[in-house]
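Participant: First, the structure itself, so that you have it in front of you.
The values are calculated or read from the model by the stated rules, or taken from the named source; none is laboratory data. Predicted, not measured: the structure shown is a model, and the values here were computed from it. In this analysis, Cβ positions are derived from the backbone assuming ideal geometry, glycine residues included, and neighbour counts consider all displayed protein chains.
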Amino acid sequence: MHSVQGLKFAVIDGIIFDEAVFTATEFPVAAAPGQRKNAARVPLKIGYDGAMDYQNLIAEIANTLRDVDDQGEVASYIPELGRVDPDKFGFHLVTVDQKHHGMGVEDERFSIQSIAKVLSLAVAFRLEDDRLWRRVGVEPSGSPFNSLVQLEYENGIPRNPLINAGALVVCDILVSRLADPKAEFIEIVRRLCGDPAIDYCPRIASSEQQAGYRNAALVNLMKAYGNIENDVESVLDFYFNLCSIEMSCRELARAFQFLATGGVNPLTGERVVSVSKSKRINAIMLLCGFYDEAGEFAFKVGLPGKSGVGGGIIAVHPGNYSVAVWSPRLNARGNSSRGMRILEFLTTRTQSSIF
Ligand code: GLN
């Protein structure tokens, strides 16, 4: 049993019990046949199949990989990203009871790019609560991640925090609210991963800055609408650094555990966000995490998730697991093509989508 900031929670047999449902005398037991149904209290979230043979599943994924025709190109509009070996493949899944299953180059770090937007969103949501939604929406955009068109129609209020415009507003908030934004933010990310070595990659950040004309256009447009408080350069600098963070699949899967556990970092017992906020962040990922391919990802994979142009994808099954995959070739919508196929295989095979 952990207690953090007055919030009690425990992980028992893969089930997260938070203080609303858990007390020492109320250990949940299944109602015996004939017993009144309400004799047992229902825990926060059940559904984790502890008996699932994930190791066998990993072997099946390795087989499936051989049959997947890995189409697409690595992102080259950020010159440094274009230098990555396109055929790398890593996969790592962590269950909420901290069992790890992985394959491939699961420990090799890569540029997580837009996946980091979920972590900056979590920090801004925690700091701002619902005030955040005055400056950014929660609707899917149906547009590419770096689109400018919609932003002008909608008076400089981005559709959601996971497209570039929305993530830039979130960066502006963090630049305003954190005393030393880059240092404090990376410290939060390190705690989520349980690894003090996680860092920004200055090489990627500066490569992106040199090619960052569209992002500069987005911030300038929003500044003209009064939706950016800080100077354009500081917001862009924070954003390019955010996108340059490097992690392995294992570290990514760990960092996103808090969205599988109803807001708690299982490594430290700290509450990262409230249960309600973690549900809302997952909802935003489901609707907006893959830009104009969000429908396709929900349709085929059926999990909240987020992609990055570095070829990474994170996906979360609340109450069950978080999973990261890395495969750098991107489809036409800027999402890892083999990564999507493998996650589709995972949820089909385990029958574990959220639907
Ligand atoms: N840093 C990238 C950009 O701003 C992030 C895009 C992405 O990963 N989809 O263009």
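Participant: Based on what the data block shows, is residue 282 without any contact (Cβ under 8 Å) to a residue 60 or more places away in the chain, farther than 26 Å from residue 68 by Cα and among the polar types (S, T, N, Q)?
Facilitator: yes
Participant: Is there a residue in the range 172-192 that is in contact with a Phe, Trp or Tyr (Cβ under 6 Å, 6 or more places away or on another chain) and under 18 Å from residue 215 (Cα atoms)?
Facilitator: Within the range 172-192, one or more residues are in contact with a Phe, Trp or Tyr (Cβ under 6 Å, 6 or more places away or on another chain) and under 18 Å from residue 215 (Cα atoms).
Participant: Still on this model: Being within 16 Å of the ligand (Cβ to nearest atom), buried (at least 16 other Cβ atoms within 10 Å of the Cβ) and of a type in the set (Gly, Ala, Ser) is the filter here; which residues of the range 120-179 pass it?
Facilitator: Listed by number, the residues that qualify are 120, 141, 143, 147, 165, 166, 167.
Participant: Looking for something more than 17 Å from residue 217 (Cα to Cα), assigned to a loop (DSSP other than H, G, I, E, B) and at pLDDT below 95 - is there at least one such residue anywhere in the range 180-188?
Facilitator: For the range 180-188, residues more than 17 Å from residue 217 (Cα to Cα), assigned to a loop (DSSP other than H, G, I, E, B) and at pLDDT below 95: absent.
Participant: Just to be sure before I move on: is residue 220 away from the ligand (no atom under 16 Å from the Cβ), of a type in the set (S, T, N, Q), farther than 30 Å from residue 343 by Cα and in the same structural domain as residue 151 (by TED's automatic domain parsing) in the structure I sent? Write out each step before concluding.
Facilitator: Values: away from the ligand (no atom under 16 Å from the Cβ): no; of a type in the set (S, T, N, Q): yes; farther than 30 Å from residue 343 by Cα: yes; in the same structural domain as residue 151 (by TED's automatic domain parsing): yes.
Criteria not met by residue 220.
Participant: Select from the range 128-179 the residues that are among the aromatic types (Phe, Trp, Tyr) and part of a helix (DSSP H, G or I) and write down the one among them that is farthest from residue 221 (Cα to Cα).
Facilitator: Of the residues in the range 128-179, the ones among the aromatic types (Phe, Trp, Tyr) are 133, 145, 153.
With the extra rule that they be part of a helix (DSSP H, G or I), the set shrinks to 133, 153.
Working: 133: 19, 153: 11 Å.
Applying the filter and picking the extreme gives 133.
A quick yes/no check of all residues on (1) closer than 24 Å to residue 66 by Cβ; (2) outside the structural domain of residue 121 (by TED's automatic domain parsing); (3) within 16 Å of the ligand (Cβ to nearest atom):
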residue	(1), (2), (3)
268	no, no, no
308	no, no, yes
323	yes, no, no
336	yes, no, yes
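Participant: Quick one: which of 315, 260 is free of Cβ contacts under 8 Å to residues at least 40 places away in the same chain and buried (at least 24 other Cβ atoms within 10 Å of the Cβ)?
Facilitator: 315
Participant: Checking the structure you have, find out if any residue of the range 188-211 is of a type in the set (Ser, Thr, Tyr), within 20 Å of residue 137 (Cα to Cα) and surrounded by fewer than 22 Cβ atoms within 10 Å (Cβ to Cβ).
Facilitator: If we filter the range 188-211 for residues that are of a type in the set (Ser, Thr, Tyr), which is where we start, we get 200, 206-207.
Filter once more, keeping what is within 20 Å of residue 137 (Cα to Cα): none.
No: zero hits.
Participant: I've got another one for you. Looking at (1) out of contact with any helix residue (DSSP H, G or I) (no Cβ under 8 Å at 6 or more places or on another chain); (2) closer than 22 Å to residue 332 by Cα, which one does residue 153 not meet, given that it meets all the others?
Facilitator: Among (1) out of contact with any helix residue (DSSP H, G or I) (no Cβ under 8 Å at 6 or more places or on another chain); (2) closer than 22 Å to residue 332 by Cα, the lone unmet condition for residue 153 is (2).
Participant: What helices (runs of 4 or more DSSP H) completely inside the range 239-355 contain at least 1 residues that are among the aromatic types (Phe, Trp, Tyr)? Please lay out each step first, then the result.
Facilitator: On the way: elements: 249-255, 275-288, 294-300, 337-350.
Of the helices (runs of 4 or more DSSP H) lying wholly inside the range 239-355, those with at least 1 residues that are among the aromatic types (Phe, Trp, Tyr) span 294-300, 337-350.
Participant: A further question follows. Take the residues in the range 332-343 that are of a type outside the set (Gly, Ala, Ser) and farther than 12 Å from residue 300 by Cβ; name whichever of them is surrounded by the most Cβ atoms within 10 Å (Cβ to Cβ). Give the steps one after another, and end with the answer.
Facilitator: Looking only at the range 332-343, we keep the residues that are of a type outside the set (Gly, Ala, Ser), and these are 333, 335, 338, 340-343.
Among the residues that remain, those that are also farther than 12 Å from residue 300 by Cβ are: 333, 338.
Values: 333: 18, 338: 26.
Top of the filtered list is 338.
Participant: Being in contact with a helix residue (DSSP H, G or I) (Cβ under 8 Å, 6 or more places away or on another chain) and surrounded by fewer than 16 Cβ atoms within 10 Å (Cβ to Cβ) is the filter here; which residues of the range 217-231 pass it?
Facilitator: Selection gives 220, 229.
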